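Written below as structure tokens is the structure these notes are about.
The values are calculated or read from the model by the stated rules, or taken from the named source; none is laboratory data. If you're wondering where the values come from, they're calculated on a predicted model, not measured in any experiment. FYI the Cβ positions are ideal-geometry reconstructions off the backbone, even for glycines, and counts take in every protein chain you see. SASA here: full protein model, heavy atoms, side chains in, ligands and nucleic acids out. Shrake-Rupley method; radii C 1.70, N 1.55, O 1.52, S 1.80 Å.
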Amino acid sequence: MSNLVIINANISTPTGNSAVTGTGMSELHHIANGAIIIENGIITYVGPQDEMPSYSPSVEVIDAGGKAVLPGFVDSHTHLIFGGFRADEFEWRLKGDSYMSIMERGGGIQSTVNETRKADVNSLADKARWFIKKMSQMGVTTVEAKSGYGLDLDSELKMLEAIKLTSEAEEDRIRIVSTFLGAHAVPKEYKGRTEEYVNILIEEMIPQVKDKAQFFDIFTEKNVFEIEDSRKLLLAAKAAGMKLKLHADEIVTLGGAELAAEVGAVSADHLLHVSDEGIKRMAAEGVVATLLPLTAFALREPFAPARKFIEAGAAVALATDLNPGSCFSGSIPLTIALACIYMNMSIEETITALTLNGAAACGVADLTGSIEVGKSGDIVILEFDTYKSLPYYVGMNCVNTTIFQGKVVNK
Ligand code: NIG
Ligand code: FE
């Protein structure tokens, strides 16, 4: 928890302690010639430089030189912990195979499950730390990480332990929010016996993991966990005190968005094939729509209807979905470019989606996601003086400095 002063900053930030919805997403607060004071990791001043209070001469000062300064990015949906790789499947898909047909043949998620079960906890954490360093270079100061490649109690606990080890080892660099995704797939030993696996999740796994992860997540999908099983699992997790997320309407229109609204989920994610009714229900119930353009891009699927969500008054977050299968990328710059170019989000909406709304999707909007007094000193300084250049540099990393809790973690 450090002290730091940033001067000559061209600050732009969303504001508030909760997700910003609809047209509000395009309203950033701007401070030209701004300054920020961070004490013990917490922002104590943000405003015009010529009005800033005095600060100790011993404190470190960064002169941003008029460059654009934004809140640290939040990657609110990743599968950061996994064994093995799936480059072979990627090549099959290039040749026309589909994601679901590979999964139905026992590949896909199950193939990563096989590798993850074999891996020891330290090697899983070490692998994740490589990605954390890359994320930090791209300005990420908060990341969500899911289990979901264990699919039995011991292996899921091992994955949650790997998230904890990674989080402890990188605690000076990044904040990690953990999610239990034991309902990612029906493991091969329960093939054709989904009901039994659902009961094991409810009776054995949820009670053991409920205090080890902040969120419960599920792959609600045709031929994976359909609506009725998903509802049962989500309500059991909710009753155990867990906050809820869903992988919803990713491959087909199934009613995952409507279910997310019904059970009071914090977010529903993917939503490539969401129905108009689902959009309306999510907006009405305040469920954050976490859109993952890199996955649509990598699967050659249509992009999620970001504009429809925003026009319906919903809150949109953007995240990478980094995982070894459907989307092996944690690229923040490419996420920004795809959101602006293909999903028709404005640059301001994209920034809100990757900061405050991502923080809301992770349940930490009171801590981070905006540059405001009382929030953590999680900040990025860009290479140029306007944030407007972000999508223009298509897929190129334009983060000059990443600051986490008032400490420079990447420059
Ligand atoms: O978010 N759709 C399900 N889960 C992941 C993919 C996981 C994998 O392919 O390993 C996703 O796309
Ligand atoms: Fe995912």
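Worth pointing out:
- Filter pass, D172 being assigned to a loop (DSSP other than H, G, I, E, B), more than 16 Å from ligand 1 (Cβ to nearest atom) and surrounded by fewer than 23 Cβ atoms within 10 Å (Cβ to Cβ): yes
- Strands (runs of 3 or more DSSP E) lying entirely in the stretch 46-86 (those with 1 or more residues that are crowded, with 24+ Cβ neighbours inside 10 Å and within 16 Å of the chain's Cα centre (by Cα)): 68-71, 73-75
- The residue that is most open to solvent (accessible area, probe 1.4 Å), counting only those in the stretch 87-111 that are under 25 Å from the mean Cα position of the chain (by Cα) and aliphatic (A, V, I, L, M), is A87.
- Candidates K232, K191, K210 - the one that is among the basic types (K, R) and without any contact (Cβ under 8 Å) to a residue 24 or more places away in the chain: K191
- Some residue of the stretch 328-337 being touching an Asp or Glu at 6+ places or on another chain (Cβ under 6 Å), modelled with pLDDT of 95 or more and closer than 20 Å to S178 by Cα: no
- Positions within the stretch 353-411 being crowded, with 22+ Cβ neighbours inside 10 Å and of a type in the set (D, E, K, R), in sequence order: K375, D378
- Residues that are among the aliphatic types (A, V, I, L, M), more than 22 Å from M100 (Cβ to Cβ) and within 16 Å of ligand 2 (Cβ to nearest atom), drawn from the stretch 190-225: A213
- Criterion: touching a residue at least 60 places away in the same chain (Cβ under 8 Å), in contact with an Asp or Glu (Cβ under 8 Å, 6 or more places away or on another chain) and over 13 Å from I403 (Cα atoms) - qualifying residue of T44, T13, T23: T13
- Residue identified as more than 20 Å from the chain's Cα centre (by Cα) and modelled with pLDDT under 95 among K411, K407: K411
- The listed residues are T166, T142, and the only one of them that is touching a helix residue (DSSP H, G or I) at 6+ places or on another chain (Cβ under 6 Å) and either assigned to a strand (DSSP E or B) or crowded, with 23+ Cβ neighbours inside 10 Å (or both) turns out to be T166.
- Among residues of the stretch 297-306 being in a helix (DSSP H, G or I) and open to solvent by 10 Å² or more (accessible area, probe 1.4 Å), the one that is farthest from ligand 1 (Cβ to nearest atom) is F297.
- Within the stretch 262-273, the set of residues being open to solvent by less than 40 Å² (accessible area, probe 1.4 Å) and either hydroxyl-bearing (S, T, Y) or more than 19 Å from the chain's Cα centre (by Cα) (or both) comprises V263, S267.
- Yes/no for A240 being under 23 Å from I163 (Cβ atoms), surrounded by fewer than 19 Cβ atoms within 10 Å (Cβ to Cβ) and free of Cβ contacts under 8 Å to residues at least 60 places away in the same chain: yes
- Some residue of the stretch 182-189 being of a type in the set (V, I, T), more than 16 Å from ligand 2 (Cβ to nearest atom), over 17 Å from the mean Cα position of the chain (by Cα) and within 29 Å of K238 (Cα to Cα): yes
- Single match in L294, L235, L272, L259 (criterion: in a helix (DSSP H, G or I) and within 12 Å of ligand 1 (Cβ to nearest atom)): L294
- Looking only at residues of the stretch 307-330 that are over 16 Å from the mean Cα position of the chain (by Cα) and surrounded by 24 or more Cβ atoms within 10 Å (Cβ to Cβ), we find that the one that is nearest to ligand 1 (Cβ to nearest atom) is G325.
- For the stretch 112-124, the set of residues classified as more than 16 Å from ligand 2 (Cβ to nearest atom), out of contact with any Gly (no Cβ under 6 Å at 6 or more places or on another chain) and open to solvent by less than 40 Å² (accessible area, probe 1.4 Å) consists of V121, L124, listed by residue number.
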